[in-house]
Amino acid sequence: MTADAVARAVASGSAASAAQAGFAGAQAPRVSVVVPVYDEQTVLEALFARLYPALDALAISYEIVFVDDGSRDRSAQLLAEQFRRRPDVTRVVLFASNFGQHRAILAGFEYARGDRIVTLDADLQNPPEEIGRLLAQMDAGHDYVGTIRRLREDSWWRRTASRAMNRLRERTTRIRMTDQGCMMRAYSREIVDAINHCEELYTFVPALAWQFARNPVEIDVAHEERFAGQSKYSAYRLMRLNFDLMTAFSIVPLQMFSLAGMLLSVLSALLVFVLAARRLFLGPEEGGLFTLFAIEFLLMGLALFGIGLLGEYVGRIYQEVRRRPRYLVSAVLQDLEAPPRQAR
Ligand code: UDP
Ligand code: MG
């Protein structure tokens, strides 16, 4: 690999396509695998050892786009070493700092050239050997292949919480994903192109893709325990992610407030009427004071929750109007001359 084979670019999301120009003439690989990586030094070697043979076994042309999401450990070095070992099929996008899993995937989409794009977690929770089954569904004419984790290997509270979130999300957003948390998915080139045109900062890639899909399908895949290291999602980050998912794809939470407001106004009007009647017929009473307190607190709680929810949307609007770049790439490792790997 020559020094100029390492294209260095400082690019924002949209500028990434300019960096692609060098590939215009090259033949696109059949499939691009996009892997977001954040502090995964303990699993990367094991991932390389399984992912490359799994793709080689499919006997199709492929490329793997690793996006290092500003790792603080040795992940970026390990990816660079892997790029040196397999420059023909490896591309590495290095973020300047941590922008989150979904933005890392979006960056991977900008750089991916394949006519089918598969996303995969780096921690080997999604077995790379399943990629062939996803692609078989695309051969059958589906443009989006979602997945459901068979025997999910996660902690009890994660499973329960995500079951509840899945249900709530399906009600509010009308997006049907049986298992929103499983990121091993396959998308057609058309869907990825459509996603590349979206400029929103906070998004949830599988949900966005589902909206563009014409013929989606879901299949069961195996799920393994994280190979090493720890989950990058704390309870707080998971909650934020779910807020993004709900507010980015639906305004039902806001509409619920107008409905609740209407209902409460009617009920309070009735209450006022009852109290006035009692005052007229029974004379002055004191016993109702605490009931009134209880009602007052309930209304106050509801009002505060409503204001907070409004804040979620206003905050998002604020962040979107600033139009800051979605991510900042510090370097891209790719061999611009490498022809896509041919089928064996
Ligand atoms: N990830 C990332 N940026 C982040 C958090 C996670 O790129 O800020 C990557 C991580 O390296 C992994 C994938 O996203 O490849 C899923 O993360 P993790 O396994 O921690 O999530 P979980 O499986 O617990 O939902
Ligand atoms: Mg994981």
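Quick notes
- ³J(HN,Hα) computed for each position of region 321-336 - Karplus, 6.51 cos²θ - 1.76 cosθ + 1.60, integer Hz, glycine/proline x: 6, 5, 6, 6, x, 5, 7, 10, 8, 8, 7, 10, 9, 7, 9, 5
- Each of 102, 114, 155 was scored by the projection of its Cα onto the charge dipole of region 84-202, and the greatest displacement toward the positive side belongs to 155; charges sit on the C-beta of Lys, Arg, Asp and Glu.
- Proximity of backbone amide H atoms, modeled 1.01 Å from N, is registered between residue 90 and 64 at under 5 Å, excluding neighbours fewer than 5 places apart on the same chain.
- Bridges between two residues of the chain, per DSSP, are antiparallel at a rate of about 30%.
- Comparing 297, 251, 269 along the charge dipole axis of the chain, the residue lying farthest to the positive side is 269, per the Cβ-charge model.
- Between residue 273 and residue 248, the modelled label-to-label distance comes to 4.6 nm, taking each label 7 Å out from Cα in the direction of the beta carbon.
- Remark: region 105-122, residue by residue, has Karplus-estimated 3J(HN,Hα) of 5, 4, 5, x, 4, 5, 8, 5, 10, x, 7, 10, 10, 10, 9, 8, 7, 7 Hz, where x stands for each Gly or Pro and the curve is 6.51 cos²θ - 1.76 cosθ + 1.60 at θ = phi - 60°.
- To put it simply, the accessible area of region 234-301 at a 1.4 Å probe is 78 percent carbon and sulfur.
- Calculated mean residue ellipticity, 222 nm, the chain: -15500 deg cm²/dmol, from DSSP H runs (n ≥ 4) at -39500 (n - 2.57) each, averaged per residue and rounded to 500.
- Accessible solvent surface per residue of the chain, calculated while the other protein chains remain in place, 1.4 angstrom probe, Å²: 51
- Seen from a random direction on average, the alpha-carbon convex hull of the chain projects onto 21.0 square nanometres.
- Size of charge dipole - the chain - debye, nearest 20, with Cβ of Lys, Arg +1 and Asp, Glu -1, no other charges: 460
- To the nearest ten degrees, helix 156-173 and the longest principal axis of the Cα atoms of the chain are 80 degrees apart.
- In this simple spin-label model, placing a label point 7 Å from the Cα along the Cα-to-Cβ direction at both residue 303 and residue 96 gives a separation of 4.5 nm.
- J(HN,Hα) series, region 189-201, from Karplus relation 6.51 cos²θ - 1.76 cosθ + 1.60, nearest Hz, glycine and proline x: 4, 4, 5, 5, 4, 4, 5, 4, 7, 7, 10, 5, 7
- Amide H partners (placed H, <5 Å) of residue 125, local residues excluded: 227
- Theoretical FRET efficiency, 1/(1+(r/R0)^6), r = Cβ-Cβ of residue 290 and residue 255, R0 56 Å, to 0.05: 0.95
The values are calculated or read from the model by the stated rules, or taken from the named source; none is laboratory data. Keep in mind that what you see is a predicted model, and the values were worked out from it rather than measured. Here the Cβ is made from the backbone with ideal geometry for all residues, glycine too, and neighbour counts use every protein chain on show. Note: areas computed on protein heavy atoms with side chains; ligands, DNA, RNA excluded. Shrake-Rupley method; radii C 1.70, N 1.55, O 1.52, S 1.80 Å.
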